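Q: Mind looking over this structure? Questions follow.
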Amino acid sequence: MSRRRLAALAFVFLWFALGGVAHFAFTEAQMRIVPPWIEWPRAAVWVSGVAELLGAAGLLWRPTRRAAGIGLILLTIAVTPANVQMLQQAAQYPSVPYWALVARLPFQLVLLALIAWSTSAFVRRRAA
């Protein structure tokens, strides 16, 4: 694995490991960004936190890295409504600069690309 790919993998691991911990350390704050059409925001925060932690752990072991990458890609797409919710309701988040709310959506594309590249999520494995 090249140094660049390893650095990308380390970034993705830290992003999801720290994010997963934040779901439990700051549950109430995380619940505020859950879209109102999700009935159980606390459960959504906890489930997504567990998924982030499991995905991050899966990145550490080569045999599970690709599956973890696919899972983290799906999770990142699944939480997009929370980022849209924050942008649409920016006044409710005065501590977050508006530019950061705007930047979250394009950053998700970068994050998706880093996950896919660093985990070889879309590279087909040859049969042995």
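The values are calculated or read from the model by the stated rules, or taken from the named source; none is laboratory data. Treat the numbers as computed from the prediction; the structure is a model and nothing was measured. Cβ placement follows ideal geometry from the backbone for every residue including glycine, while neighbour counts extend to all protein chains displayed. SASA here: full protein model, heavy atoms, side chains in, ligands and nucleic acids out. Shrake-Rupley method; radii C 1.70, N 1.55, O 1.52, S 1.80 Å.
Q: Over segment 72-128, what lengths in whole Å, largest first, do the semi-axes of the equivalent ellipsoid take, defined as the square roots of 5 times the eigenvalues of the alpha-carbon gyration tensor? Intermediate values should be presented prior to the final figure.
A: On the way: eigenvalues 203, 22, 8 Å².
Equivalent ellipsoid semi-axes, largest first: 32, 10, 6 Å.
Q: Moving on. For a label point 7 angstrom out from the Cα of LEU60 toward its Cβ, which stretches of segment 12-39 have the backbone nitrogen within less than 13 Å?
A: 13-14, 17-18
Q: Still on this structure: Can you give the relative contact order of the chain as a percent, counting alpha carbon pairs under 8 Å and 6+ residues apart?
A: Numbers: 122 pairs, mean separation 37.2, N = 128.
The value is 29 percent.
Q: Say each of LEU87 and PHE26 gets a label point 7 Å from the Cα, pointing the same way as Cα to Cβ; how far apart are those two points in nm?
A: It is 2.0 nm.
Q: Rolling a 1.4 angstrom probe over the protein heavy atoms, how many square angstrom per residue are accessible across segment 14-84?
A: On a per-residue basis, 59 Å².
Q: Carbon and sulfur: what percent of the chain's accessible surface (1.4 Å probe)? Intermediate values should be presented prior to the final figure.
A: Values: 5790 of 8350 Å².
Roughly 69 percent of what the probe reaches on the chain is carbon or sulfur.
Q: For segment 41-128, run through the chymotrypsin sites (Phe, Trp or Tyr not before Pro) and keep only the ones in DSSP coil with at most 11 other Cβ atoms within 10 Å of their Cβ. Mind showing how you got there, number by number?
A: Numbers: sites: TRP46, TRP61, TYR98, TRP99, PHE107, TRP117, PHE122; in loops: TRP61, PHE122.
Those that pass, being in a loop and sparsely packed, are TRP61, PHE122.
Q: Work out, in µm²/s and without decimals, the Stokes-Einstein translational diffusion coefficient of the chain at 10 °C, 1.306 mPa s, Rh from Kirkwood over C-alpha pairs. Walk me through the numbers on the way to the answer.
A: Details: Rh = 15.4 Å.
Calculated translational D: 103 µm²/s.
Q: Okay, next question. Modelled label-to-label distance, ARG3 and VAL50, 7 Å Cα→beta-carbon offset: nm?
A: About 4.0 nm, to one decimal.
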